[in-house]
Amino acid sequence: MSVKEQRPKFFFGWWTVITGSFLSLWGFGFYYIGMSALFKPIAADLGLTRAVTSVAASIGRFQGGFESMIVGWLTDKFGPRWVITSGVCLISLGLILMQFINSLWAYYLVWGVITGSGINIALSIPLDKAISNWFVKKRGLALSVRWTFTGLATMLVLPLITYLVSIVGWRMTCVFGGSVMLVIGLPMTLAFIRRERPEFYGLLPDGAVSAESGDSQAQMIQKGVEYAAEVSEIEFTARQALRTRAYWMLTIANSAYGMIVPVIMLHSIPLLTDMGIPPMKAALMMGLMSMVSIPVRLLSGFVADKVKIYQMRFLLGLSYFLQAAGIAVFLYFQTIFMAYIFFLLYYLGMSIALTMYGALRGRYFGRKSIGSIGGMSAVILTPFAVAAPIYAGYVYDTTGLYNDAFKFFAVLLMIASVIISFTKPPKPPAEVSDVSSFV
């Protein structure tokens, strides 16, 4: 197929990336990253232990396992636009309702169920699908932009939340977060998230254009398939993906990685303040580490688009190894300086993983079933992501330290690094169906 890069106009797919970047910045900034600053104030206000306080975040992840298969199927069937819109509305509602909670059950319902469902629906599989639909050869870069803005949440949203908590309290801070998502995030979603892949609108992925003009929709879809095949991307259905060894190895390795992410998001500031670091300084410290990792997020996206498909797994394995190394050095030398090294290595590894995993999964299995494939993987990941922060809180409550929990997570990350390095691209399916057959 003869294509050329589109130069005169700004490719619409980048508006989708900008919208997804803002939603990730603000949504993840408040729910996952910001919870580290809200954690102690909420626990003190409601009289809860750290393990009990951790349960609310785990409720959202637990729901995500059940919601993910439905959300993934709905996204593949009807497109990501209205799925993401409904999630944004739930996030806004949940954060605003935090103003009124005064009991444990209300906290679990509002933060865990309502806000957690919004995060699961808006910012996970559907957002990946919305971006991946519009990019093939530049998918790594597009996803890295989104995750770069998520990284900015640690240096922008987390200090903002910490500051607001100190002057207006955690309740009004949550109301502010929900209001911004409603007033800015919702209109952006409605304007810049589309239901279908670009071929349905007479465009090709990445802003490439066909040398011929006036093609029918069916011809554009076929040209999109041929364009993706230039980088060895074949579109699997969900059932075909399940039959591959690569799918299961990816899922197992990502489950190990998925355990440490919620632990760091939830327990990082409590860990640092336990070392005698003031809350605002701890938030700024994490923001600094995240800022250092931002160039890595962009670079990893660029590299993901340039390397061969069989080389991507080694970069993902490296990301898991860096996180394990960060934990190990901190456990051996528990000083404030080594805490900087810990978070630096963790954020560097996480930054590579965030972009590389999505790019690799898309390259291995294609675009049409990415929602359903991601949803099935999330079901397996969920129990581990739910248990991990509660386990870390339990270890602290019983020993007064996080050491035993972090030793366990470091070993799991090392195992994941080895597994992913042996995960070769799957063989093409015996029959490649059309884009409407995603299951």
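The values are calculated or read from the model by the stated rules, or taken from the named source; none is laboratory data. Everything numeric here is computed off the predicted structure, so don't read it as measured data. Cβ placement follows ideal geometry from the backbone for every residue including glycine, while neighbour counts extend to all protein chains displayed.
Restricting attention to the stretch 42-85, the residues being within 30 Å of Ser372 (Cβ to Cβ), modelled with pLDDT of 85 or more, part of a helix (DSSP H, G or I) and in contact with a helix residue (DSSP H, G or I) (Cβ under 6 Å, 6 or more places away or on another chain) number 9.
Here Ile161 passes the criteria (1) farther than 19 Å from Ser268 by Cα; (2) β-branched (Val, Ile, Thr); (3) at pLDDT 90 or above except the one numbered (1).
The helices (runs of 4 or more DSSP H) found wholly in the stretch 145-237 and carrying at least 3 residues that are crowded, with 20+ Cβ neighbours inside 10 Å and in contact (Cβ under 8 Å) with a residue 24 or more places away in the chain occupy 157-180, 217-229. Taking the criterion of being in a helix (DSSP H, G or I) and closer than 18 Å to Leu288 by Cα, the residues of the stretch 328-338 that qualify are Phe330, Ile336, Phe337, Met338. Exactly one residue out of Leu316, Leu284 is over 18 Å from the mean Cα position of the chain (by Cα) and over 21 Å from Ala43 (Cβ atoms): that is Leu284. Go through the stretch 113-144 and give me each residue that's assigned to a helix (DSSP H, G or I) and among the small types (Gly, Ala, Ser). Listed by number, the residues that qualify are Gly116, Ser117, Gly118, Ala122, Ala130, Ser132, Gly140, Ala142, Ser144. Of all the listed residues (Thr335, Thr355), the sole one being of a type in the set (Val, Ile, Thr) and within 16 Å of the chain's Cα centre (by Cα) is Thr355. Among the residues of the stretch 366-410, those that are in contact (Cβ under 8 Å) with a residue 12 or more places away in the chain and charged (D, E, K, R) comprise Arg367, Lys368, Asp397, Lys407. Does Ile252 count as β-branched (Val, Ile, Thr), surrounded by fewer than 20 Cβ atoms within 10 Å (Cβ to Cβ) and not in a helix (DSSP H, G or I)? No: the conditions fail for Ile252. Against the test of being closer than 25 Å to Ala324 by Cα and surrounded by 24 or more Cβ atoms within 10 Å (Cβ to Cβ), the options Ala359, Ala405 yield a single qualifying residue, Ala359.
Any residue in the stretch 339-351 that is in a helix (DSSP H, G or I) and without any contact (Cβ under 8 Å) to a residue 12 or more places away in the chain? No, every residue in the stretch 339-351 fails to be in a helix (DSSP H, G or I) and without any contact (Cβ under 8 Å) to a residue 12 or more places away in the chain.
Per the conditions (1) of a type in the set (A, V, I, L, M, F, W, C); (2) surrounded by 18 or more Cβ atoms within 10 Å (Cβ to Cβ); (3) in contact (Cβ under 8 Å) with a residue 24 or more places away in the chain, the sole criterion not satisfied by Phe78 is (2). Of the listed requirements (1) in contact with a Pro (Cβ under 8 Å, 6 or more places away or on another chain); (2) assigned to a loop (DSSP other than H, G, I, E, B); (3) among the hydrophobic types (A, V, I, L, M, F, W, C), Ala385 misses just one: (2).
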